[in-house]
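Let me begin by presenting the structure, written as structure tokens, before commenting on it.
The values are calculated or read from the model by the stated rules, or taken from the named source; none is laboratory data. Keep in mind the model is a prediction, meaning the values are calculated, not measured. As a convention, Cβ positions derive from the backbone with ideal geometry for all residues, glycine included, and neighbour counts pool all protein chains shown.
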């Protein structure tokens, strides 16, 4: 992980400086235009994805612009009587786009590692050094709204869902259900439940599952950043376990998930658990 953490108290100092600047900067105040329309009535569109990338290269050019950002908090979270101040990576996938945020709600509680979605205004630029002596240049955002969210919704949002034609298969009391499958731009998540109503221990491993679509086989691909609930692999009689098994991203077309399993009783030969999926409407 890159080391770019700002020492906590400097966050508050930085915001005192740039918030004061906001109060005296005419570019952030309503003005009249040539058409006679009060600019306070004009809806300012937030920066788009390409503009945001350019903004992080030279944030001073974008002071006064509005942004909608989602990121993960890192480093210290600081408070004073006016609000809460923190850093976040606005590109959590690549641990990049260092951003300093102020949200004027001192009652809010946040902690490092949480994912947040903010809407706000670029109010200035923070420049400093990290603990390794490297230079930091980060936009400072005065957030108007802040929502605590999850890794999945922030980094891997669902773009489509699929349902199984045969959502539950039972062999000798070893019941496997695929509750739901979510498709995201960078992964596919299968929500699986296993109940052992059989007479012996039952094993079902993620690495023994494959997803097949258009004659292409996709292997199990765990996402260690996500902290999704983990499906237990060795299930004793009377136990139910639920978890998420992750595969690579696929197209929004029908597919299969095939699972190889094992019973500790050699007299119970198990067939593969084969689930067919269609896209939900």
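Can you go through 86, 97 and tell me which one is outside the structural domain of residue 226 (by TED's automatic domain parsing), crowded, with 18+ Cβ neighbours inside 10 Å and closer than 26 Å to residue 185 by Cα?
Of 86, 97, the one residue that is outside the structural domain of residue 226 (by TED's automatic domain parsing), crowded, with 18+ Cβ neighbours inside 10 Å and closer than 26 Å to residue 185 by Cα is 97.
Looking at this structure, is residue 56 in a helix (DSSP H, G or I), touching a strand residue (DSSP E or B) at 6+ places or on another chain (Cβ under 7 Å) and either more than 22 Å from residue 116 (Cβ to Cβ) or modelled with pLDDT of 90 or more (or both)?
yes
Hey, residue 199 hits all of (1) without any contact (Cβ under 8 Å) to a residue 12 or more places away in the chain; (2) on the phi < 0 side of the Ramachandran plot but one; which does it fall short on?
The single condition residue 199 does not satisfy is (1).
I want to confirm something. Restricting to the range 146-170 and keeping residues that are in contact (Cβ under 8 Å) with a residue 60 or more places away in the chain and assigned to a loop (DSSP other than H, G, I, E, B), which single residue is nearest to the chain's Cα centre (by Cα)?
That would be 156.
Would it be correct to say that residue 110 is under 25 Å from residue 156 (Cα atoms) and in a loop (DSSP other than H, G, I, E, B)?
It is true that residue 110 is under 25 Å from residue 156 (Cα atoms) and in a loop (DSSP other than H, G, I, E, B).
Scan (1) under 23 Å from residue 261 (Cα atoms); (2) modelled with pLDDT of 95 or more for the single condition residue 140 breaks and write down its number.
Condition not satisfied by residue 140: (1).
Tally up the residues in the range 235-281 that are within 25 Å of the chain's Cα centre (by Cα) and over 14 Å from residue 181 (Cα atoms), please.
Result for the range 235-281: 1.
Pull out all pairs, ordered by first then second residue, where Cβ-Cβ is under 9 Å, the residues are six or more apart or on different chains, the first lies in the range 30-59 and is exposed (fewer than 10 other Cβ atoms within 10 Å of the Cβ), and the second is assigned to a helix (DSSP H, G or I) and modelled with pLDDT of 95 or more.
Partner pairs satisfying both residue conditions: none exist.
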